[in-house]
1. Calculated from DSSP H runs of 4 or more alone, at -39500 (n - 2.57) each and per residue, what is the 222 nm mean residue ellipticity of the chain, nearest 500?
2. Can you list the residues of region 70-85 with backbone N under 16 Å from a point 7 Å past the Cα of residue 21, pointing along Cα to Cβ?
3. With springs only between Cα atoms under 10 Å, which of 72, 195, 176 fluctuates most in a Gaussian network model of the chain?
4. In nanometres, what is the gap between the two model label sites at residue 179 and residue 150, each 7 Å from Cα along Cα-to-Cβ?
5. Pairing the Cα long axis of helix 72-88 with the longest principal axis of the chain, what angle in degrees results, from 0 to 90 and rounded to the nearest 10?
6. Residue 187 versus residue 44, label points 7 Å from Cα toward the beta carbon: distance in nm?
7. Could you work out, for the chain, what percent of all Cα-Cα pairs fall into each 5 Å distance bin, beginning at 0 Å and stopping at the bin that holds the largest distance?
8. Can you give me the relative contact order of the chain as a percent, contacts being Cα pairs under 8 Å and 6 or more apart?
């Protein structure tokens, strides 16, 4: 996202989270690794009280197992609480969501499935994007199809037909994947194009 001031980002991020929470159903789930990565981030950055405050948003199981599926609504409420807590420390909502997206990617890449994808991708941004639809089905079991369209050697468009995560979180997730594959100068512009659909324009330069 670009061209918005900090206050506009805060309002937009809050509105998007509220929109997603309104429309999520019980069938919408995310893997436990994302819950755990947020939990660990709050413990490290703000301490145990902040971590517990985020866990108060969870309506069900709180002992997260990486590849078990948990309600996406619980995760979004945790994200919203984390953004509020980070804002009190001077960190904007969009910045917080991007950071959490980075950490979610790190958690995925440390998992057996993530390590397998890393091998398949051969460490190049282009191969990472080619394998992205498969990876997305792993992390969001009920998510809709994801498509990747090449726009040139170092440009691409990614479309999520049904995503349950805020755009800024997905921007952080995509940025972390590209950087892990050696991309430099990564630029990502995301926008929501439907109730649960979003589009991201990616550009980068190849690493040395």
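1. Working: 9 runs with 114 residues, N = 208.
Estimated from H runs of four or more residues: -17500 deg cm²/dmol.
2. 71-85
3. Looking only at 72, 195, 176, the largest GNM fluctuation is found for 195.
4. 2.6
5. Once rounded, one gets 80 degrees.
6. Going from the residue 187 label point to the residue 44 one covers 3.0 nm.
7. In order of increasing distance, the bins hold 1, 7, 16, 21, 21, 17, 11, 4, 1, 0 percent.
8. 22
Rule-based calculations on the coordinates, nothing more; no lab input. Predicted, not measured: the structure shown is a model, and the values here were computed from it. Ideal geometry is used to build each Cβ from the backbone, glycine not excepted, and the neighbour counts take in all protein chains shown.
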